[in-house]
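K.L.:
First the structure, then my questions, so here it is.
The values are calculated or read from the model by the stated rules, or taken from the named source; none is laboratory data. This structure is a prediction, so every number in the text was calculated from the model and none was measured. Cβ placement follows ideal geometry from the backbone for every residue including glycine, while neighbour counts extend to all protein chains displayed. Only protein heavy atoms, including side chains, enter the accessible area calculation; ligands, DNA and RNA are left aside. Shrake-Rupley method; radii C 1.70, N 1.55, O 1.52, S 1.80 Å.
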Amino acid sequence: MTIIAVRDLNITLNNHHILNGLSFDIEKGDIAAIIGPNGSGKTTLIKAMLGLISYQGEIKIMDKSPRELSAIASKVGYVPQRLDFDRTMPVTVEELLKIHLATTNSLPQDILTLMGVNTLLSKSLGSLSGGEFQRVLLGLALLNRPELLFLDEPVASIDMEGAIEVYQLIAKLKKEKEITVVLVSHDVDVVYRYANTVLCVNHKLLCQGVPEKALTEEVMEKLYGSHQALYEHKEKRHA
């Protein structure tokens, strides 16, 4: 079942052509990774799908255009690349989460346990480590049990140990909650380990498919230049 359908997507910002003629589908239950060099249009693509910027072409999210997403807002979660938030505010994790509950005053304990947030509820936001804060943001995006989760470089601001933990949580989330995940990543190894489909973007769509088949030496060269080496990946993807 197709959950995201994009046809002939074109985006121009400040007279610069950011994305040209992208067409692709993402199926329900996928972990779809968007990869490409800096400035290639990855974040722009995420924002277009969420209706945050204007575009030409057609985008359908659960059969709704981005302009109609308010009708299914509770079914879509989003963790942006950067979140401008004053972590010195005297707010606990529990208070932050409860502010964002849509239809109930009860926090979803299964989600908080899965994300490892249940042990952080009494902590102030300013006392959290980078990895802990990212887990809270994931819990926040999942509060209302969305069917689709967008993650724009979810580990960009945390250390290696925290990054591994976040990606393992995403894999567990997909397995246990059957949620569709669309994530932007710079780490090709992460794509092999956790994604079942990859979109290669460098202003145009250069590939889409299973990482082991789509990420050819030719595609990697078009994405990152001739200096980019491609090695055979022998580790199996996490379930």
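K.L.:
Using 0.36 nm times the number of residues separating SER70 and ASN118, minus their current alpha carbon distance, what extension gain do you get?
P.N.:
Values: separation 48, 0.36 × 48 = 17.28 nm, distance 2.87 nm.
So the extension gain works out to 14.4 nm.
K.L.:
If you take the C-alpha gyration tensor of the stretch 149-206, multiply each eigenvalue by 5 and take the square root, what semi-axes do you get, largest first, in whole Å? Write down the numbers at each step before the final one.
P.N.:
Working: eigenvalues 71, 47, 20 Å².
Largest first, the stretch 149-206 gives 19, 15, 10 Å.
K.L.:
Another question, then. Rounded to whole Å and sorted largest first, list the principal axis extents of the Cα atoms in the chain.
P.N.:
Principal-axis extents of the Cα atoms in the chain, largest first: 50, 41, 35 Å.
K.L.:
Quick one: helix 160-177 against the long Cα principal axis of the chain, what's the angle to the nearest 10°, folded into 0 to 90?
P.N.:
So the inclination is approximately 90 degrees.
K.L.:
Given a cut-off of 21 Å, what percent of all Cα-Cα pairs of the stretch 29-128 lie beyond it?
P.N.:
On the way: 2596 of 4950 pairs.
That tail contains 52 percent of the Cα-Cα pairs.
K.L.:
Summing Lys, Arg as +1 and Asp, Glu as -1, what charge do residues with Cβ under 9 Å from the Cβ of THR197 carry, THR197 excluded?
P.N.:
On the way: positive: none; negative: GLU27, ASP30.
Spelling it out: positives minus negatives among the neighbours equals -2.
K.L.:
Another question, then. Could you size up the charge dipole of the chain around its Cα centre, putting +1 on the beta carbon of Lys and Arg and -1 on that of Asp and Glu, and report it in debye to the nearest 20? Working shown, then result.
P.N.:
On the way: 25 positive and 29 negative charges, 86 e Å.
Here the chain has a charge dipole of around 420 debye.
K.L.:
I'd like the carbon and sulfur percentage of the solvent accessible area for the stretch 1-69, probe radius 1.4 Å, heavy atoms only, ligands and nucleic acids excluded.
P.N.:
Numbers: 1420 of 3160 Å².
Summing carbon and sulfur atoms, their accessible area is 45 percent of the total for the stretch 1-69.
K.L.:
Which length gain, in nm to one decimal place, applies between LYS213 and ASP189 when the Cα-Cα distance is subtracted from 0.36 nm times their residue separation?
P.N.:
Details: separation 24, 0.36 × 24 = 8.64 nm, distance 1.42 nm.
Value of the extension gain: 7.2 nm.
K.L.:
Using the Kirkwood formula over every pair of different C-alpha atoms, what hydrodynamic radius in Å results for the stretch 5-79? Before the final figure, lay out each step's value.
P.N.:
Values: mean 1/r = 0.0765 Å⁻¹.
13.1 Å is the Kirkwood radius here.
K.L.:
Now, a different point. Express in nm, to one decimal, how much length is gained between ILE164 and GLU27 on full extension, taking 0.36 nm for each residue of separation and deducting their alpha carbon distance. Please list the in-between numbers first.
P.N.:
Values: separation 137, 0.36 × 137 = 49.32 nm, distance 2.50 nm.
Length gained between ILE164 and GLU27: 46.8 nm.
K.L.:
With springs connecting C-alpha atoms under 10 Å apart, model the chain as a Gaussian network and identify which of THR113, THR197, THR43 has the largest mean-square fluctuation.
P.N.:
THR113
K.L.:
How far, in degrees from 0 to 90, does helix 130-142 lean away from the longest principal axis of the Cα atoms of the chain, to the nearest 10?
P.N.:
90 degrees
K.L.:
Rolling a 1.4 angstrom probe over the protein heavy atoms, how many square angstrom per residue are accessible across the chain? If you can, show how the numbers build up before the last one.
P.N.:
Values: 12070 Å² over 239 residues.
About 51 Å² of surface per residue is accessible.
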